[in-house]
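Scroll down for the structure; my scribbles are underneath it.
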Amino acid sequence: MLTAFFRLIGTGGERRYGTLGHVLLSPRSRTAVFLGRVLPYAGNGLLIAVSTLTVGAFLLGLRIPVDALPALLLTLAVAALACGFFGLTLGALGCGSGTSGWSPTCRWRCCSCSPG
């Protein structure tokens, strides 16, 4: 979820400073634009998930089989991408509107969408 919030804040900042129009009007394909905007946040989310899982497994003595690691990494990568695109979707729905990029309405929408 942290990845979604970071992407959401990024979209709000792009709207606030007027760079969003330049990004959307670039001659690149839509796929390249959306992937380029989400991949840094998804990579950060993947790094946080892997480090948290590693430290948690070490502290709690959890043994993860080596043959399960590729599937686990793929699952974490897909989850990080999904959270990044979810944040991009929330930003596109107007959570960054108003005078600030992180308005009280936006916080309420994000809290109501998050599980738990």
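The values are calculated or read from the model by the stated rules, or taken from the named source; none is laboratory data. Because the structure is predicted, anything quoted here is derived from the model rather than measured. Cβ coordinates were reconstructed from backbone atoms using ideal geometry, including for glycine residues, and neighbour counts include every protein chain displayed. Side chains included, ligands, DNA and RNA excluded: accessible areas come from the protein's heavy atoms. Shrake-Rupley method; radii C 1.70, N 1.55, O 1.52, S 1.80 Å.
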Open item on the list: Which residue is nearest to A80 (Cα to Cα), if the candidates are limited to the stretch 1-54 and must be at pLDDT below 70 and outside any helix (DSSP H, G or I)?
Closed with: M1
- [ ] Please work out which one of (1) at pLDDT 65 or above; (2) surrounded by fewer than 11 Cβ atoms within 10 Å (Cβ to Cβ) is the condition P104 fails and give its number.
- [x] (1)
- [ ] Please state which of the following conditions I64 fails to meet, knowing it meets all the rest: (1) open to solvent by 50 Å² or more (accessible area, probe 1.4 Å); (2) in a helix (DSSP H, G or I); (3) modelled with pLDDT of 90 or more.
- [x] (2)
